[in-house]
Protein chains: 4
Amino acid sequence: MIRFNNDYSRGTHPAVLRALADTNGDSYGGYGIDPWCEKAADEIKKHLACPDAAVHFLVGGTQANFTAISACLLPYQSAVCADTGHIHAHETGAVEHGGHKILTVPAKDGKIDAGQIEALGEAYRSSPIQEHITQPRLVYISFPTEYGTVYTLPELKRIRAVCDKYGMLLFVDGARMGYGLAASDVTLRDMARLADLFTIGGTKCGALFGEALVITNPALKPGFRSCIKQNGGMLAKGWLLGVQFYTLFENGLYFDICRRAVDQAGRIRAAFAAKGVPAYVDSPTNQQFVVLDHDQIEALEKKYVFELDHAVDDTHMCVRFCTSWHTSEADVDALAEDIKNL
Amino acid sequence: MIRFNNDYSRGTHPAVLRALADTNGDSYGGYGIDPWCEKAADEIKKHLACPDAAVHFLVGGTQANFTAISACLLPYQSAVCADTGHIHAHETGAVEHGGHKILTVPAKDGKIDAGQIEALGEAYRSSPIQEHITQPRLVYISFPTEYGTVYTLPELKRIRAVCDKYGMLLFVDGARMGYGLAASDVTLRDMARLADLFTIGGTKCGALFGEALVITNPALKPGFRSCIKQNGGMLAKGWLLGVQFYTLFENGLYFDICRRAVDQAGRIRAAFAAKGVPAYVDSPTNQQFVVLDHDQIEALEKKYVFELDHAVDDTHMCVRFCTSWHTSEADVDALAEDIKNL
Amino acid sequence: MIRFNNDYSRGTHPAVLRALADTNGDSYGGYGIDPWCEKAADEIKKHLACPDAAVHFLVGGTQANFTAISACLLPYQSAVCADTGHIHAHETGAVEHGGHKILTVPAKDGKIDAGQIEALGEAYRSSPIQEHITQPRLVYISFPTEYGTVYTLPELKRIRAVCDKYGMLLFVDGARMGYGLAASDVTLRDMARLADLFTIGGTKCGALFGEALVITNPALKPGFRSCIKQNGGMLAKGWLLGVQFYTLFENGLYFDICRRAVDQAGRIRAAFAAKGVPAYVDSPTNQQFVVLDHDQIEALEKKYVFELDHAVDDTHMCVRFCTSWHTSEADVDALAEDIKNL
Amino acid sequence: MIRFNNDYSRGTHPAVLRALADTNGDSYGGYGIDPWCEKAADEIKKHLACPDAAVHFLVGGTQANFTAISACLLPYQSAVCADTGHIHAHETGAVEHGGHKILTVPAKDGKIDAGQIEALGEAYRSSPIQEHITQPRLVYISFPTEYGTVYTLPELKRIRAVCDKYGMLLFVDGARMGYGLAASDVTLRDMARLADLFTIGGTKCGALFGEALVITNPALKPGFRSCIKQNGGMLAKGWLLGVQFYTLFENGLYFDICRRAVDQAGRIRAAFAAKGVPAYVDSPTNQQFVVLDHDQIEALEKKYVFELDHAVDDTHMCVRFCTSWHTSEADVDALAEDIKNL
């Protein structure tokens, strides 16, 4: 079986594995205070044009999300996100468990827009009963979104402007950041300029595990390591994260493997389009959501593993095909051929 | 100015005030362990046909709601409610602050139905990724709702049946319980039989302050006083609550004053209907929501205080008129006359 | 039976009851936005020499304590208090339930000193593993303490100086503030100058219920009403608190009744001392802790209710006698006589 | 420099690294549902004589501790532990952040005894004001302790008996479990029989990272995966943990490497004893705490890295030497020789 079901079903890129093996016999200080974390942070900061950014390394995405969000908010403040947002839909209420309400707005293809945020900001600002509602203080967007779509630079700028207008923070969940960067004209430099804090995902982008969290807003930096520790996100052998991110960013490996996966996903998208299979959303990244009928699903399931997302109607489902650092050209060729013959 | 803006703008029914004055010089044990709380609980239990119910007295509604809900839920469990539900819309995220997600469903005139709850229960039961979502464990409904509507007995029974099917608890927020009982065929006995726990509001129904919380589900009783204390809801001079609820329930005063207010509200509703002013929702209780144009609002505002709920369109607003224990016949007469002359 | 067991076993001073009755028929805005709360705050502020202080009114002490403390702290910050402190010993873990650790230091007669606080501040400042421990950020002291003792002005100034040195906030729990002021040279003006926030207790000092919370530190003021609402401490009929505190502070009634109770407690203390009954602690306020043998306890229990605090040895107990606004001279005379005849 | 400062300063045992490399190219299901986690759990269960135990794998110790503890407790329940316990002293208030108070008792060499637990249980049971204090519901002990000491089997049985008497749960933090087992007659089978839940540490015992959490009490099993996910402890590539624990337990490697480290620590202990250097505590495991004077420290620091724990007096410090899977015989020989020549 050839797996296209997700982008976290295998270990890590061989270069990362090698780096972990090479450093396995050496001794380091614990809890993220070590030369590898420092070097990895430096490599990442080269892309940010923000030398004062704080870069932390956490193990997982849910952990990074709720740790960051709860560090930003006072008790009566809430986070705004799409109703398809990962923190709302797939993290077992972790943000609420940490004490904060999430205010959702309807997503369009996984995205929200500045107008929706403005409406919430305005509703709070003009409310005669502010004490009875939560203050929308942080906007959470994912880049790319859970449906593989990306925000354009103008869209991000408009969101930033609304955040500024209403005193909101912008947090970008970049669990698949590499694929988003490869598929758009948005850069890490833009992220550093427009977001108050954001993650650069490792787990789904070539690392064995790990997420980098970048904080550019100076007010959010103090005490952050305490928040990581308190929330169980501080790895004792923190250098394992530093080694991985250094390897991925030292020579641009991170960007290369994500771009390659995005190209492969483009070939799959093209194959479906050529066959007349409708896209569920028009995604430029490594996740492709298409609508297949049950016969087509059955045919492809003989050879491929992919994710059944949800039923669209009685005879059709929205399904997901993912590429990743380990997707081979041969597998994509085979899939494209089989799509043609559906 | 004659006030119809809400049902908590004055002190308490004279009989309650008298009872507080009469007992002011006596000494009692603290924290709700006193003869008055015991007697009040006994009076309430006469209406429940549930001699083993636990009856606690708390000061306020938000406090009662989040204390009850958090006492019922494990960390990964969530509450289901209408998107107009008080815990979701007007309690500053208190339930989430206590660690629990709220799953909302669209309300119709403030109400939700069994089918909506079933859909959530089924979605969780059939989810292949249960660990990534919260378990809908408690259904919160308000009786009457925030829009003055009430559930019929068959509706409540269907909701109970769905709760049973999916292992959910039913919590009824009865901040205005007296008005709901007066406007429907539902009784406290039905509440005790159908809900796992529910409140009987005092603040908006004739008391100076206070909410009775009734727990009929035996599994929810242990430790509840500890939860009240931990959440700051245990009044040192707890007998003040007992005295009030005893006075209200001893001779049916609670039911009488609420029925009277509902009758008065009915006269206001009739006056608007006769004038052709559309109801925003068809409410049988003490809250009347109608749609007025700006001229009508201006005219009535000369003499009456009422609540501007929200804009319906550029020239109309939904407004609320409330009656209460202190509403006089003369004031209702005057309002009805002025409505006629709009 | 004559009750000396606590200072919250009766309703309220007749003047307060009268004020509540007098305003019972009037209408007010809800949630603490009303003329009475404003007037009460103004009266209190006259004593503070701090015109910009924020004054909020909450129903109960536990509620006021955890609401204030959690509003002050970031997630990884902790509160410092005596191991006899109310928040540590008698509030069902409310502060921890709100997410914050309490660091305790051994009390001496209910009090802690600047040196103990400094030690904690220094330990944190010099810790090589700060992220693994909580930051002691707020010092909680009670005035008077749970054992009736009071801090002297020099002691408070030393505590303030240490707080300044280590960037800590000072919170004073004044559940029995009136008795403390009557028994020391510390004034509310000193409190306003030395503490960042403090409470002025009503429940135990003549009110029916209610605590005033004074915030003098400007950084702590924003959003505080949201915190009150979120934690269930916002009384719908907020003017009930305003009416009470206005009545107590308008003509100095609060100070008068507390001073009188302290004088009466002094007579009880003197009676015990004359009899050779040892004081458990040397308290100048309305709570007197003495060590009685079982025969003495039995003798006094025939006529008086008092609190058995804890066993001192096999034949002796530490017991508490409290005076309050309602303690009569006759009752104190009787008790003094009976002590003499023990 | 030769490092004896801790047991988590290097990567992983070569066999574990090899296993991770061997499986790096294979695809697995996510979130701990994979054949490796299943096989690892089976291997661990062979040692438990408890076929129905649930075995979960988490990334880190703090995470495992607070996830387990908060999953066990109702809001008003607290954990009991030594004042030197890791959850109290070194986890940034994570348990309190999750809403639960910790009740500490004074440790003796890192250990607590059944009598101390009984005193707390009895105090709660006999309290007339139970609602004002937290219920001690879970006993946390570490095995071995933070000072390297171990509980004997009779001690554990007495603690279990007290837990049974007062309805308490027993949680054993086994971050260094392997070293404890090697240094005592307690077995994993005893742990499974005596504790309700316990961890088997990987991070400090040969793994790259990871802790196994064993739940034997059936009441604690439901919903636990939801708690792990909600608290950010569910590794997307969960098989990485399964592969490691399978490798460590398949042929007893875990026990072998820990026993060897304990033997080496014994040689270091003997060397200090022979030299007349006093042990700070008498530890039979891989952590040795001794009291050195400043000259001795300076001498040893030329060649070795070890941890300065705390000052004992003006001229002496308590320091820690740790062995681990990677400690070589040559390094121990050198250290023993240098100790002799101090």
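The table below lists the values:
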| item | result |
| --- | --- |
| Pair B:ASP263, D:ALA161: separation of 7 Å Cα→Cβ label points (nm) | 7.1 |
| Relative intensity, log₁₀ I(q)/I(0), of segment D:253-342 from a Debye sum that treats every alpha carbon as a point, q = 0.17 Å⁻¹ | -0.66 |
| Projected label distance in nm at B:ALA334 and B:LEU153, using a 7 Å step from Cα toward the beta-carbon | 4.0 |
| Relative contact order, percent, chain A [alpha-carbon distance under 8 Å, six or more residues apart] | 25 |
| Kyte-Doolittle mean at least -1.0 and Cα axial length at least 30 Å: DSSP H helices in chain C | C:253-275 |
| Cα convex hull of segment A:89-133, projected area averaged across orientations, nm² | 4.1 |
| Förster radius 22 Å - calculated FRET efficiency between B:ASP295 and A:ALA119 (Cβ-Cβ, nearest 0.05) | 0.20 |
| Radius 15 Å from Cβ of D:LYS302, net charge of other residues (Lys, Arg +1; Asp, Glu -1) | -4 |
| Cβ-Cβ FRET estimate between D:ASP309 and C:GLU250, R0 fixed at 60 Å, reported to 0.05 | 0.50 |
| Sequence-distant residues sharing a close amide H with A:VAL105 (under 5 Å, placed H) | A:CYS81, A:ALA82, A:ASP83 |
| Sites C:ASN217 and D:SER127 - FRET efficiency at Förster radius 35 Å, r taken between beta-carbons, to 0.05 | 0.45 |
| Largest-first principal axis extents of the Cα set of segment C:1-141 (Å) | 62, 44, 31 |
| Three-way shape call for segment A:1-73 based on the alpha-carbon gyration tensor, with the a/c threshold at 1.5 | oblate |
| When segment A:1-42 is reduced to its Cα atoms, the Kirkwood hydrodynamic radius in Å | 12.9 |
| Exposure proxy ranking, count of Cβ atoms within 10 Å, fewest first, for B:SER9, D:SER142 | B:SER9, D:SER142 |
| Inter-copy label distances at D:SER126 (7 Å, Cα→Cβ; nm, one decimal) | 4.2, 5.8, 6.5 |
| Rounded to whole Hz, the Karplus (6.51, -1.76, 1.60) HN-Hα couplings of segment D:224-238, x for glycine and proline | 5, 5, 5, 5, 4, 5, 4, 8, x, x, 9, 6, 4, 8, x |
| For segment B:107-165 and segment C:46-96, distance of Cα centres in Å | 38 |
| Rotational relation D to C, axis-closest Cβ in chain D, residue and distance rounded to whole Å | D:GLU96, 2 |
| Relative exposure of A:TYR140, D:TYR254, judged by other C-beta atoms within 10 Å (fewest first) | A:TYR140, D:TYR254 |
| For B:SER78, D:SER27, A:SER127, order by how many other beta-carbon atoms lie within 10 Å, fewest first | A:SER127, D:SER27, B:SER78 |
| Calculated label separations, B:ALA49, copies of the chain, 7 Å along the beta-carbon direction, nm | 5.5, 6.8, 7.5 |
| Net lengthening on full extension, A:ARG189/A:ASP22 (0.36 nm per residue, minus Cα-Cα) | 57.0 nm |
| Whether segment A:67-143 is rounded, prolate or oblate, judged on the alpha carbon gyration tensor where a/c under 1.5 counts as rounded | oblate |
| Tail fraction, Cα-Cα pairs, chain C, threshold 25 Å, whole percent | 53 |
| Separation in nanometres of the label points that stand 7 Å from Cα toward Cβ, at C:ASP52 and D:LEU342 | 5.9 |
| Pseudo-label separations to other copies for B:ARG18 - Cα-to-Cβ vector, 7 Å, nm | 2.1, 9.2, 9.3 |
| Cα-based shape type of the protein assembly as shown, given that a ≥ b ≥ c are square roots of the gyration tensor eigenvalues and the cut on a/c is 1.5 | oblate |
| Separation of alpha-carbon centers, segment D:212-257 and segment C:269-299, rounded to whole Å | 59 |
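Values quoted throughout were computed directly from the atomic coordinates according to the rules given, and no laboratory measurement underlies them. Just so it is clear, the model here is predicted, and its values are computed rather than measured. When we count neighbours, we look across all protein chains shown, and the Cβ atoms used for this are built from the backbone with ideal geometry, even at glycine.
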